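The values are calculated or read from the model by the stated rules, or taken from the named source; none is laboratory data. Bear in mind the structure is a predicted one, so any value in this text is a computation, not a measurement. Cβ atoms come from the backbone with ideal geometry, glycine included; neighbour counts cover every protein chain shown. Heads up: the accessible areas ignore ligands, DNA and RNA and are worked out on the full protein's heavy atoms, side chains in. Shrake-Rupley method; radii C 1.70, N 1.55, O 1.52, S 1.80 Å.
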Amino acid sequence: QVQLVESGGGSVQAGGSLRLSCTISKYTDKILAVAWFRQASGKEREGIASIYTGDGSTFYTNSVKGRFTISQDNTKNIINLQMNSLKPEDTAMYYCAATPGRAPIQAISWRYWGQGTQVTVSS
């Protein structure tokens, strides 16, 4: 089974930046979609960014477009999420997910999940 481990969460002031990383292991198929989801306390889990490793294409939801960037390291087993201009409403538990091939960015479509990393943005 694919294993995903997130890292890089923490607490920052509004306007600051964080970089999250998702390390992928135990899966040799390089043609994966990888996404970042987040879930704030009392809210539904929300997909915010994805990358298809087959061609490097990316997708962002409107709430993060222009502020967050998803990318794949040249090692091919690490997916990063660079988060700039952070806002208090970005506060959430952030999860990395993966699935074979392409998938819509809704949680039910994603097969493998990491444990999450907390991001807190203070005003």
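From the list Ser85, Ser17, Ser122, Ser57, the lone residue that is touching a Pro at 6+ places or on another chain (Cβ under 8 Å) and farther than 16 Å from Leu4 by Cα is Ser122. Criterion first (closer than 15 Å to Gln106 by Cα, open to solvent by 40 Å² or more (accessible area, probe 1.4 Å) and part of a strand (DSSP E or B)) does Phe37 satisfy it? So Phe37 fails the test. If you go through segment 61-72 and keep only what is under 16 Å from Ala33 (Cα atoms) and open to solvent by 50 Å² or more (accessible area, probe 1.4 Å), you end up with Thr69, Gln72.
Taking the conditions (1) within 20 Å of Gln3 (Cβ to Cβ); (2) open to solvent by 60 Å² or more (accessible area, probe 1.4 Å); (3) of a type in the set (Phe, Trp, Tyr) in turn, Tyr95 satisfies each one other than (2). Regarding segment 67-75, can at least one residue be identified that is part of a loop (DSSP other than H, G, I, E, B) and touching a Gly at 6+ places or on another chain (Cβ under 7 Å)? Within segment 67-75 (the criterion being part of a loop (DSSP other than H, G, I, E, B) and touching a Gly at 6+ places or on another chain (Cβ under 7 Å)), the answer is no, since none of the residues qualifies.
Checked against (1) surrounded by 13 or more Cβ atoms within 10 Å (Cβ to Cβ); (2) touching a residue at least 40 places away in the same chain (Cβ under 8 Å), Ser25 meets all criteria but (1). Take Glu6 and decide whether it is among the charged types (D, E, K, R) and under 12 Å from the mean Cα position of the chain (by Cα). So Glu6 passes the test. Among the residues of segment 113-123, those that are in a strand (DSSP E or B) and over 17 Å from Asn77 (Cα atoms) comprise Thr117, Gln118, Val119, Thr120, Val121, Ser122. If you go through segment 92-112 and keep only what is in a strand (DSSP E or B) and closer than 17 Å to Thr53 by Cα, you end up with Cys96, Ala97, Ala98, Thr99, Pro100, Tyr112.
Among the residues making up segment 73-84, a single one is over 21 Å from Ile31 (Cβ atoms) and either without any contact (Cβ under 8 Å) to a residue 24 or more places away in the chain or buried (at least 17 other Cβ atoms within 10 Å of the Cβ) (or both): Met83. Across segment 40-60, the qualifying residues are those that are of a type outside the set (S, T, N, Q), assigned to a loop (DSSP other than H, G, I, E, B) and within 14 Å of Gly101 (Cβ to Cβ), and the one among them that is most open to solvent (accessible area, probe 1.4 Å) is Asp55.
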